[in-house]
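A.B. asks: Sending over a structure as structure tokens; questions will come in a sec.
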Amino acid sequence: MTFTSHMQAALAEARAAGLRGEVPVGAVIVDASGRVVASAGNATRAGHDPTAHAEIVAIRAACAALGAERLVDHDLYVTLEPCAMCAAAISAARIRRLYYAAGDPKSGGVAQGARVFSHPQCHHVPEVYDGIAAPASEALLRDFFKKRRRDA
């Protein structure tokens with residue numbers, strides 16, 4: 001099987017989230033065959049829900065679509081390094097592989113900060129691949145926050 005990145009679809013979700021006034025982060029979950037099962041962008045403002053990060057929204061949608069609480073043999077593509085909350089949800093959902101674009105020195109929970117997957121109490125550790133389309137994701141985030149500072 002040939003590897004196909006779904007990061008462009010995650011970036012499209014991130015752009016759509018940014019247009020809605022959400023922090024532009026997008027996520028896509030695919031099954032073992034590469035079929036997209038769920039996709040989402042951040043929705044914390046729209047849902048008045050601090051847990052509605054793109055990863056969480058996509059995990060909830062994928063689980064609902066599959067009628068299961070675990071996403072074994074599924075991969076997650078996300079435009080920003082997951083925070084500790086999202087990393088814990090990724091572990092709980094048993095995501096097989098995590099692909100993320102930009103690192104997050106301030107709030108990351110995978111390679112920075114809490115490093116959830118390195119914790120001895122982490123029950124499942126996905127394969128992690130970082131830096132996929134990082135420049136595009138970084139530019140999207142940088143431009144979003146630059147505009148917010150300018151408009152403030």
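A.B. asks: Farthest toward the dipole's positive end in the stretch 34-152, which of TYR129, ALA46, ALA101, given Cβ charges of +1 (Lys, Arg) and -1 (Asp, Glu) about the Cα centre?
C.D. replies: ALA46
A.B. asks: Stretch VAL128-ALA16 to full length: gain in nm at 0.36 nm per residue minus the Cα-Cα span?
C.D. replies: Extending this stretch completely gives an extra 37.8 nm.
A.B. asks: Counting Lys +1, Arg +1, Asp -1, Glu -1, what net charge surrounds ARG149 among other residues with beta carbon under 12 Å of its beta carbon?
C.D. replies: That sum, taken over residues with Cβ under 12 Å, equals +3.
A.B. asks: May I pose another question? Measure off, as a whole percent, the carbon and sulfur share of the 1.4 Å-probe accessible area of the stretch 1-127, all protein chains present. Show your work: numbers first, answer last.
C.D. replies: Details: 3230 of 5900 Å².
C and S atoms contribute 55 percent here.
A.B. asks: Looking at the P(r) of the chain, how many percent of alpha-carbon pairs lie beyond 24 Å?
C.D. replies: 25 percent
A.B. asks: Calculate the length of the line joining the C-alpha centroid of the stretch 1-42 to that of the stretch 128-152, in whole Å.
C.D. replies: 15 Å
A.B. asks: What's the ranking of 75-82, 57-64 by average number of surrounding C-beta atoms within 10 Å, highest first?
C.D. replies: Details: 75-82: 28.2, 57-64: 20.4.
Per-residue mean Cβ counts within 10 Å order the peptides as 75-82, 57-64.
A.B. asks: In debye to the nearest 20, how big a dipole does the stretch 1-141 give about its Cα centre with +1 on each Lys and Arg Cβ and -1 on each Asp and Glu Cβ?
C.D. replies: 140 debye
A.B. asks: Using a Gaussian network model of the chain with C-alpha springs under 10 Å, which one of ALA88, ALA68, ALA136 is most mobile by mean-square fluctuation?
C.D. replies: Ranking ALA88, ALA68, ALA136 by mean-square fluctuation puts ALA68 first.
A.B. asks: Moving on. With both bridge residues required to lie in the chain, what share of the DSSP beta bridges run antiparallel, to the nearest 5%?
C.D. replies: Antiparallel bridges make up about 50 percent of those DSSP assigns within the chain.
A.B. asks: For the pair ASP49/GLU138, report the inter-label distance in nm, with labels modelled 7 Å from Cα in the Cβ direction.
C.D. replies: Distance between label points: 3.2 nm.
A.B. asks: So, one more: List, in order, the whole-Hz ³J(HN,Hα) value for each residue of the stretch 96-104 obtained from phi through the Karplus relation with A = 6.51, B = -1.76, C = 1.60 and θ = phi - 60°; use x for Gly and Pro.
C.D. replies: Listing the rounded values in order: 6, 9, 10, 10, 10, 8, 7, x, 10 Hz.
A.B. asks: Among PRO120, PHE144, HIS74, flag the residue with its Cα farthest along the positive direction of the charge dipole of the chain, charges on Cβ as +1 for Lys/Arg and -1 for Asp/Glu.
C.D. replies: Among PRO120, PHE144, HIS74, the one farthest towards the positive end of the dipole of the chain is PHE144.
The values are calculated or read from the model by the stated rules, or taken from the named source; none is laboratory data. Quantities reported herein were computed from a predicted structural model and do not represent experimental measurements. Here Cβ is always computed from backbone atoms with ideal geometry, including for glycine, and neighbour counts include all displayed protein chains. SASA here: full protein model, heavy atoms, side chains in, ligands and nucleic acids out. Shrake-Rupley method; radii C 1.70, N 1.55, O 1.52, S 1.80 Å.
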